[in-house]
Amino acid sequence: MNSPHDLEFYEREIDPFLPDRIYDAHTHIWKPEFYSFSEQAVDWNDYQSAMTELHGNRPTYAMFIPFVGKDSLAYQLEANEWAAQQKDAHQLNRCNFFVKPEDDCDWILEHATRLGATGLKCYHTMAKTKPTWEADIQAFLPEHQVRLCHEQGWFITLHIVKKEALANDANVECIRYYCEKYPQMQLILAHSARAFQPAHNLRGLPKLKGLSNLWFDSSANCEPMAHQAIFRILGHERFMYGCDYPVSHFHGRSLGTADSFLWLYEDSPVWGEKHAQVNPVLVGLEHLRSLKWACWSEKLTDNQIEDIFWNNAAQLFHLES
Ligand SMILES: [Zn+2]
């Protein structure tokens, strides 16, 4: 998948920046029947070999997130089982459990416990709202599932939607309500709170101060200011690296523009500029450089960078126990 441009970029921009070990707090593992990320199934060994393109030979462990499309819900349980099996390849791995809003707590608890999952994954495409990109959080993460996580001490990986992400008050109010009412539930806002347009974080994060069970994963967001806003407003202790494999292995990047954002991929017709032919690199490498720049701008120390790439995840996912 990677090109000479990727390797050169990795060696120049990423290798000197990365700490000695990596915890990937948001990443996927799948079979094509669950979701057609690729034609082949991807297991722990495939994941490990893909990660060498981002992390060299640094030890890398992960929290695996199962995923199923709207048309393949028949595979929901199998997708959860697949993620759990890959998690079992190493004791430092974790996984969560993919839920639909209508799933009841007894069923979730029975299967998540059986599989050793310690959190939930919800997704907006499961909401009844049309379009689901504008769904309220409650439409794909109902309160009874949040209560279950509180009772079990589980985390939730939440990719918020709506045009303005955290700049939307309904999102902020729901996050505050869930976090305050269910303090043992740990809420992770994916993609640096989906601030692919960082202005949305600058507007919304000040309203989320003081929540000790609110976390962020960086997953594939390529805008330095999105991460930097979290470090400065809420603290780097809330923040975890996540590469969002397989998104990490497309070529291109997310790009904030106007009050929104674009995703540029290899086949987007933008790479032939007046002055040069631009060779897009892996999203995962662009993402890591955005983290490097955020850490540099906020003057994070080496120890604080290790927090982002390991220690914060170790705390949230109880890696020591
Ligand atoms: Zn993801």
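Just one residue in the set His111, His90 is in contact with a Phe, Trp or Tyr (Cβ under 8 Å, 6 or more places away or on another chain) and over 23 Å from Trp215 (Cβ atoms); that residue is His111. Would you be able to say whether some residue in the stretch 179-189 is over 17 Å from Ala135 (Cα atoms), open to solvent by 10 Å² or more (accessible area, probe 1.4 Å), free of Cβ contacts under 8 Å to residues at least 60 places away in the same chain and basic (Lys, Arg)? Taking every residue of the stretch 179-189 in turn, at least one turns out to be over 17 Å from Ala135 (Cα atoms), open to solvent by 10 Å² or more (accessible area, probe 1.4 Å), free of Cβ contacts under 8 Å to residues at least 60 places away in the same chain and basic (Lys, Arg).
Could you go through the stretch 242-251 and let me know if any residue there is crowded, with 21+ Cβ neighbours inside 10 Å, in contact with a Gly (Cβ under 6 Å, 6 or more places away or on another chain), within 25 Å of Pro66 (Cβ to Cβ) and of a type in the set (Ser, Thr, Tyr). Yes, because at least one residue in the stretch 242-251 is crowded, with 21+ Cβ neighbours inside 10 Å, in contact with a Gly (Cβ under 6 Å, 6 or more places away or on another chain), within 25 Å of Pro66 (Cβ to Cβ) and of a type in the set (Ser, Thr, Tyr). Against the condition free of Cβ contacts under 8 Å to residues at least 40 places away in the same chain and within 16 Å of the ligand (Cβ to nearest atom), how does His159 come out, does it pass? Judged against the criteria, His159 is a match.
Checking every residue in the stretch 175-183 against the condition of being under 30 Å from Lys31 (Cα atoms) and at pLDDT 95 or above gives zero matches. Please find, within the stretch 24-67, the residue that is least open to solvent (accessible area, probe 1.4 Å) out of those that are away from the ligand (no atom under 16 Å from the Cβ) and hydroxyl-bearing (Ser, Thr, Tyr). Once the filter is applied, the top-ranked residue is Thr60.
Is there any pair linking a residue in the stretch 115-129 that is free of Cβ contacts under 8 Å to residues at least 24 places away in the same chain to one that is open to solvent by 40 Å² or more (accessible area, probe 1.4 Å), with Cβ under 8 Å and at least six apart or on different chains, and which? Every condition considered, the pairs that remain are Thr129/Asp136. Considering the stretch 68-84, and only residues there that are surrounded by fewer than 18 Cβ atoms within 10 Å (Cβ to Cβ) and in contact (Cβ under 8 Å) with a residue 40 or more places away in the chain, the residue that is nearest to the ligand (Cβ to nearest atom) turns out to be Gly69. Using the structure shown, decide if Asn279 is away from the ligand (no atom under 16 Å from the Cβ) and assigned to a loop (DSSP other than H, G, I, E, B). Yes; evaluated as a whole, the condition is true for this residue.
When the stretch 261-278 is examined, which residues are found to be open to solvent by 50 Å² or more (accessible area, probe 1.4 Å) and out of contact with any strand residue (DSSP E or B) (no Cβ under 8 Å at 6 or more places or on another chain)? Within the stretch 261-278, Asp267, Pro269, Gly272, Glu273, Lys274, His275, Gln277 qualify. Within the stretch 137-167, take every residue that is within 19 Å of the chain's Cα centre (by Cα) and open to solvent by 40 Å² or more (accessible area, probe 1.4 Å) and give me the one that is farthest from Leu205 (Cα to Cα). Within the stretch 137-167, the match that is farthest from Leu205 (Cα to Cα) is Lys163. Applying the selection to the stretch 282-317, what residues are touching a residue at least 24 places away in the same chain (Cβ under 8 Å), farther than 15 Å from Glu237 by Cα and open to solvent by 10 Å² or more (accessible area, probe 1.4 Å)? Correct list: Glu286, Arg289, Lys292, Trp293, Ser297.
Residues that are part of a strand (DSSP E or B), within 18 Å of Gly204 (Cα to Cα) and of a type outside the set (Gly, Ala, Ser) were ranked within the stretch 216-256; the one that is nearest to the ligand (Cβ to nearest atom) is Asp217. Confirm whether Gly210 is part of a loop (DSSP other than H, G, I, E, B) and open to solvent by 10 Å² or more (accessible area, probe 1.4 Å). Considered against the rule, which asks whether it is part of a loop (DSSP other than H, G, I, E, B) and open to solvent by 10 Å² or more (accessible area, probe 1.4 Å), Gly210 comes out as yes.
Here Asn45 passes the criteria (1) over 21 Å from the mean Cα position of the chain (by Cα); (2) polar (S, T, N, Q); (3) farther than 24 Å from Ala190 by Cα except the one numbered (1).
The values are calculated or read from the model by the stated rules, or taken from the named source; none is laboratory data. Note that the coordinates shown come from a computational prediction; the quantities given were computed from them, not determined experimentally. Please note: Cβ atoms are built from the backbone with ideal geometry, for glycine as well, and neighbour counts cover all protein chains shown. With ligands, DNA and RNA removed, areas are computed over all heavy atoms of the protein, side chains included. Shrake-Rupley method; radii C 1.70, N 1.55, O 1.52, S 1.80 Å.
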